[in-house]
Structure formats: structure tokens, C-alpha cells
Amino acid sequence: MSGGLKIRQIQMRLEPQSVIGQERPVRRLTKMLEKRSIPHALLFTGADGIGKQKTAKGLGMALNCLSPVGVWACGKCPSCQKVISGCHPDMITVKLEGSFIKIDQVREVSRQLRFAPLEGNWRIVIINDAQAMTLEASNAILKILEEPPKGTVIILTAGQTTDLLSTIVSRCQKIAFRPIPYEKVTKVLMEQKGLDRQMATTLAVAVKGSLGKALSVDAEKWSVWRTNILEQIASLSIKSVQPIFFFADVLARDKDKLVDALDLILTWFRDVIMSKISPERIINKDFMTKIEHASQGETINELLEKVWSVYAAQTAISRNSNPRLVLEVMMMRLCLGCQAVTSQKVRGNFLKRSPLAGN
């Protein structure tokens with residue numbers, strides 16, 4: 001049986017969208033299963049929504065499947081059905097409790113691992129979002145990894161290796177999951193959500209290759225939100241000072257969407273630059289006329305300065321700076337280039353609002 005066929009099989013026995021575009025990790029796991037050489041600890045790294053957790057579940061299912069097809073699970077036997085329904089006694093999944101994975105959760109895992117598997121040949125422990133483990137929980141997991149129980153496979157999922165203690169990382173075999181290519185995300189969105197190509201493409205770019213996130217989005221609401229953000233950015237060159245700061249305030253208040261909003265603003269300026277050098281690569285094609293208009297009168301270097309301004313805002317916010325103040329600074333930088341006539345007025349307005357004004 002070819003490797004390609006086995007990859008398709010795991011996709012059929014899991015939710016297909018969860019492992020699309022992850023052929024390389026699946027091939028590595030396939031070889032491990034073929035050789036019956038499974039590490040006692042695996043670390044799956046990559047962004048959310050690209051298939052780490054579903055692949056971990058699929059590996060656990062394969063290890064205890066009663067009627068495997070090749071090396072992967074059949075998805076139909078009693079063992080597989082219990083894994084799918086979440087009630088297999090030998091599949092232990094640890095999830096966030098609030099914002100963290102706590103010491104008591106790891107202690108419970110340790111207690112269960114004292115006993116042999118109840119039904120299968122293997123006991124599988126999946127720790128999702130392992131980067132959220134408290135220091136105490138991390139140290140407790142480290143003790144388990146140092147002396148892993150026989151017949152146990154521990155799978156951790158995390159954003160990146162640097163999110164975990166180096167001593168934990170060193171005891172795991174690392175498998176990196178990459179963002180899913182935009183073209184594949186676009187195709188699935190068109191097939192499963194019935195989106196037209198333009199909408200599917202813009203959403204695929206917005207979620208940075210996270211198919212899980214793309215499929216969870218309400219496309220209609222997202223489209224309205226996206227249009228509003230782009231309309232606001234497109235009209236910056238004709239705005240007076242007060243609406244500019246009002247827009248910064250609106251962005252700052254919507255904390256849940258702030259990261260996405262800044263990413264969307266970046267695609268706008270990326271498109272404005274592309275309109276000068278490679279128009280066919282523009283992402284937001286439904287804004288083509290406004291993008292072309294925005295590119296007039298500005299050099300590529302000036303536009304790159306605006307891109308840098310958005311990146312600077314993203315960096316500052318990621319370091320817990322005051323979002324409203326950061327966004328006001330960003331808007332001032334974006335507008336000074338296209339509103340030189342009112343630049344002094346913008347500076348004065350900003351300084352009046354700044355906490356530093358009294359210094």
C-alpha cells in the first residue's frame with residue numbers, strides 16, 4: 001500500500017479538514033507505525049487549527065485499533081468508536097482548565113498511568129496546548145517523561161518548542177505541522193461552506209493557513225467586519241483628525257478581533273504595494289479600484305514605512321502595551337504620509353490625549 005493511500009486513509013478516519021496539507025507529519029507517523037517503533041513522547045508543534053490535535057487522536061486510534069487498515073485505524077471497530085466518542089478508557093486527553101493546565105490535572109494522569117491499559121495494548125495521553133502548563137504541571141510531566149510507563153505514548157501539542165521547558169522538549173520526538181497552503185484552505189471553504197473564490201481566498205489568507213479557524217468562522221459576519229475595516233483604511237487619506245482617533249478607539253475596544261484587524265490592515269498595504277508591481281497578486285480584488293487609488297502619489301518606500309508602522313503596533317501590543325495608545329500612534333504614522341497638510345494638527349491632537357502630555 002502506497003504512502004499516499006495511507007495518508008488519504010487517516011484523512012477519512014478523522015475529520016478530513018483537520019489533516020489536509022499535513023502530508024509530511026503523517027508520512028513520518030506512518031513510518032513509525034510500520035516499524036512499530038513509536039517514541040514514548042511526541043511533541044506536535046504549529047499554529048492552532050492545522051490538525052495537530054486530530055492527528056494525535058488518529059495516532060492513538062491506530063495504536064489500539066482492532067481491525068487496522070494497513071497501519072492506520074479502521075474507524076469502525078469498537079475501540080475506534082470509543083475513541084471517536086471520547087470514552088476510550090486508554091485514551092487520556094488533558095485540556096485547559098480556564099487559561100492553564102494545572103498540577104492537579106497532571107497528578108491525575110500520573111495516577112492513571114500506574115495501572116496497565118484497560119482494553120488496548122497502549123495507553124495514550126494527549127496534552128493539548130501544553131504551552132499553558134503551569135511550572136508545577138510542567139515539572140510533573142517532566143518526571144513522567146523521565147520514567148515513562150511501559151506501553152504509554154504521551155503526545156503534547158504546542159505552538160512552538162520555545163513555549164515549553166527545554167528539558168521537556170529534549171525528551172520528545174518533535175514533529176512540526178506547517179500552516180496549510182492558502183490554495184488548499186480556499187478549496188475546502190468553497191466545497192464545504194459554499195463560498196465564492198474571492199471570499200474563500202480572502203478568508204484563507206486572513207486565518208494564516210488555519211483551516212480549523214476558517215471553518216469555525218461565520219463567513220457572512222466576517223465579510224461585513226472585513227469590509228468595514230478595509231473601508232476605514234481606504235478612506236484614511238480623506239479623514240479628519242477626530243475620525244482617525246475614533247477608528248483607533250473602535251479597534252482597541254474589540255480586543256478579540258484586534259490581532260485579526262491588524263493582519264487585515266497589513267494585507268491592505270501589501271495589496272497597495274502589489275498594485276504597483278504585480279497587480280495580479282492582489283488579494284482583496286473586490287477593493288481593486290480603491291487599492292489602485294491608494295497607490296497613487298506614494299512610493300513603494302513610503303508604503304513600506306506604513307507596513308512597518310502596523311508591524312510596530314503588533315509588536316507593541318504583543319508586549320502588553322496600551323492598545324489604544326499604540327493604535328493612535330499607528331494611525332498617526334499612517335496618516336502623516338497621506339495628510340501632510342494636517343500633520344501638525346494630528347501631532348497636537350495626539351499629544352493632548354497622550355499620558356505623556358503633562359511631562
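The values are calculated or read from the model by the stated rules, or taken from the named source; none is laboratory data. Note that the structure is predicted; figures quoted are calculated from it, not measured. Positions of Cβ are generated from backbone atoms using ideal geometry, with glycine treated the same way; all protein chains shown enter the neighbour counts.
Below is a table of values for the structure above.
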| read-out | value |
| --- | --- |
| Test: THR157 is of a type in the set (S, T, N, Q), in a helix (DSSP H, G or I) and modelled with pLDDT of 90 or more | no |
| Condition check for LYS76: over 21 Å from GLY212 (Cα atoms) and out of contact with any Leu (no Cβ under 6 Å at 6 or more places or on another chain) | yes |
| Candidates LEU145, LEU118 - the one that is under 28 Å from ALA73 (Cβ atoms), assigned to a loop (DSSP other than H, G, I, E, B) and aliphatic (A, V, I, L, M) | LEU118 |
| Filtered residue count, the range 30-80, keeping only those that are within 17 Å of ASN121 (Cβ to Cβ), free of Cβ contacts under 8 Å to residues at least 40 places away in the same chain and not aliphatic (A, V, I, L, M) | 9 |
| Search result, residues across the range 293-319 that are surrounded by 12 or more Cβ atoms within 10 Å (Cβ to Cβ) and basic (Lys, Arg) | LYS306 |
| Of all residues in the range 211-234 being of a type in the set (Gly, Ala, Ser) and touching a helix residue (DSSP H, G or I) at 6+ places or on another chain (Cβ under 8 Å), the one that is surrounded by the most Cβ atoms within 10 Å (Cβ to Cβ) | ALA214 |
| Residues of the range 76-95 classified as exposed (fewer than 14 other Cβ atoms within 10 Å of the Cβ) and under 25 Å from the mean Cα position of the chain (by Cα), total | 2 |
| Check on THR267, of a type outside the set (A, V, I, L, M, F, W, C), within 25 Å of the chain's Cα centre (by Cα) and not assigned by TED's automatic domain parsing to the domain that holds SER210 | yes |
| Residue under evaluation THR30, criteria (1) surrounded by 17 or more Cβ atoms within 10 Å (Cβ to Cβ); (2) within 20 Å of the chain's Cα centre (by Cα); (3) more than 18 Å from VAL188 (Cβ to Cβ); (4) among the polar types (S, T, N, Q), criterion not met | (2) |
| Unmet requirement for LYS174, which otherwise passes all of (1) of a type outside the set (Gly, Ala, Ser); (2) part of a strand (DSSP E or B); (3) touching a Cys at 6+ places or on another chain (Cβ under 8 Å) | (3) |
| Counted residues, the range 214-248 - those being farther than 22 Å from GLU305 by Cβ and touching a Leu at 6+ places or on another chain (Cβ under 8 Å) | 6 |
| Filter result for the condition that a residue is modelled with pLDDT under 90 and either assigned to a helix (DSSP H, G or I) or in the same structural domain as LEU230 (by TED's automatic domain parsing) (or both), over GLU298, GLU280, GLU305, GLU292 | GLU298 |
| ARG333 being part of a helix (DSSP H, G or I) and modelled with pLDDT of 90 or more | no |
| Residue selected from the range 270-327 under the condition closer than 21 Å to ARG226 by Cβ and of a type in the set (Ser, Thr, Tyr), by the criterion nearest to the chain's Cα centre (by Cα) | TYR311 |
